[in-house]
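The values are calculated or read from the model by the stated rules, or taken from the named source; none is laboratory data. In this text the structure is predicted, and so the values were computed from the model without any measurement. Here Cβ is always computed from backbone atoms with ideal geometry, including for glycine, and neighbour counts include all displayed protein chains.
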Amino acid sequence: MVAAKTAAEKDFDTTAHRIRRVLRRLASAIRKAKLRLSYGRAVSFGRGCYLGPGFILRLEPGGRLHVGDRVHFRQGCTLEIGGDAELTIGDDTVMTFGVVVQCARTVTIGSGCMFANGASVVDSRHELHSPRTGKAETPLETWPVEIGDGVWISSKSTVGASIGFGSVIGAHSFVSKPIPPLVLAFGVPAIPRSELAAGGTPDDCDLPPERELAPVGG
């Protein structure tokens, strides 16, 4: 049987927790300051934005990053932004552990989104049928990706197309074509499986222009 903590032990735990919070915020502030010094006006962070340990930003000349208020990158998140590309992340979005966003053209993530561990977002792919040169280098095909407000991307899913407001993507899924608002979608490729709220069905929701990416080898 575990003995109950004394008042002194509880006070110590509370103080230690507060100190850890202060240190985490200080470390985040230092990370943001370093990025602002490195990239200047190409990056902007809103109020209360938290950059956790292991945060990596790779920003090519001409690329831009806009992060809203109270966005949290918990640990080990990576953002890669190409030249003349733009990544925008809305208020109150959370990226947990090991989330990767690769932006070669335009990626827009709405407010209040959640990205679980190992999730990734891409807006490009290499052309598979270009002439082979002996190097793993082929022309890059890009397209805009827009993720609506309140979207939840589950663990280890890859998003390569737009997703409507409030939808949930199941774990280990591959989003290769647009997903309508307010649905649960999963699979490879991800397709809507059920609605999440009363109203329209996937068939009568407004979708972005149809675009489907064939899985590698498909």
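Quick notes on this structure:
- Strands (runs of 3 or more DSSP E) within the range 7-74 that include 3 or more residues modelled with pLDDT under 90: none
- With respect to the stated conditions, ASP69 is within 16 Å of the chain's Cα centre (by Cα) and charged (D, E, K, R).
- Residue list for the range 24-37, filter: among the small types (Gly, Ala, Ser) and in contact (Cβ under 8 Å) with a residue 12 or more places away in the chain: ALA27, SER28
- Residue match in the range 92-100 (condition: of a type outside the set (A, V, I, L, M, F, W, C), modelled with pLDDT under 95 and not in a helix (DSSP H, G or I)): no
- The listed residues are GLY62, GLY52, and the only one of them that is surrounded by 17 or more Cβ atoms within 10 Å (Cβ to Cβ), touching a residue at least 12 places away in the same chain (Cβ under 8 Å) and either touching a helix residue (DSSP H, G or I) at 6+ places or on another chain (Cβ under 9 Å) or closer than 20 Å to ARG24 by Cα (or both) turns out to be GLY52.
- Any hit, the range 81-97, residues being farther than 21 Å from GLU146 by Cβ, in contact (Cβ under 8 Å) with a residue 24 or more places away in the chain and within 13 Å of the chain's Cα centre (by Cα): no
- Of GLU80, GLU86, all but one fail to be among the acidic types (Asp, Glu) and under 19 Å from GLY118 (Cβ atoms); the exception is GLU80.
- Scan of the range 137-165 for residues that are within 18 Å of GLU195 (Cβ to Cβ), in a strand (DSSP E or B) and touching an Asp or Glu at 6+ places or on another chain (Cβ under 9 Å), ordered by number: ILE163
- Count of residues meeting criterion [within 18 Å of THR108 (Cβ to Cβ) and either among the hydroxyl-bearing types (Ser, Thr, Tyr) or surrounded by fewer than 22 Cβ atoms within 10 Å (Cβ to Cβ) (or both)] in the range 162-193: 6
- Residues that are in a loop (DSSP other than H, G, I, E, B) and either more than 21 Å from LYS156 (Cα to Cα) or over 13 Å from the mean Cα position of the chain (by Cα) (or both), drawn from the range 101-115: ALA104, ARG105
- Residue count for the range 69-84 under the criterion of being surrounded by 21 or more Cβ atoms within 10 Å (Cβ to Cβ) and out of contact with any Ser or Thr (no Cβ under 7 Å at 6 or more places or on another chain): the result is 5.
- Residue check, ASP84 out of contact with any helix residue (DSSP H, G or I) (no Cβ under 6 Å at 6 or more places or on another chain), farther than 17 Å from ASP123 by Cα, among the acidic types (Asp, Glu) and not in a strand (DSSP E or B): no
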